Amino acid sequence: MGGIGKRQIALKFTEEVAKQYSHIFWIDATDKNTISASMKGLSSIPEARNADVDDNTESVLNWIGFL
């Protein structure tokens, strides 16, 4: 389904709702490995480190749930 504008739709949506949220995270959901890598990357941002978030998907999702 390449070339039908999915990325542009996501970007436009993000622009329109950004003020309603404190954080917006982009997750590469190509497959399980990229999802896991994206979540691990989120665990390294300063706010997550300050909250003692581990570098596993469950820990990151729990942290996101409390934002």
> On alpha-carbon atoms, Rg over Rh for the chain using Kirkwood Rh?
Replying inline: 1.02
> Got a sec to turn the phi values of the range 57-66 into Karplus ³J(HN,Hα) couplings, 6.51 cos²θ - 1.76 cosθ + 1.60 with θ = phi - 60°, whole Hz, x for Gly and Pro?
Replying inline: 4, 4, 5, 5, 4, 4, 4, 4, x, 9
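Rule-based calculations on the coordinates, nothing more; no lab input. The shown structure was predicted, so the numbers you read here are calculated from the model rather than taken from an experiment.
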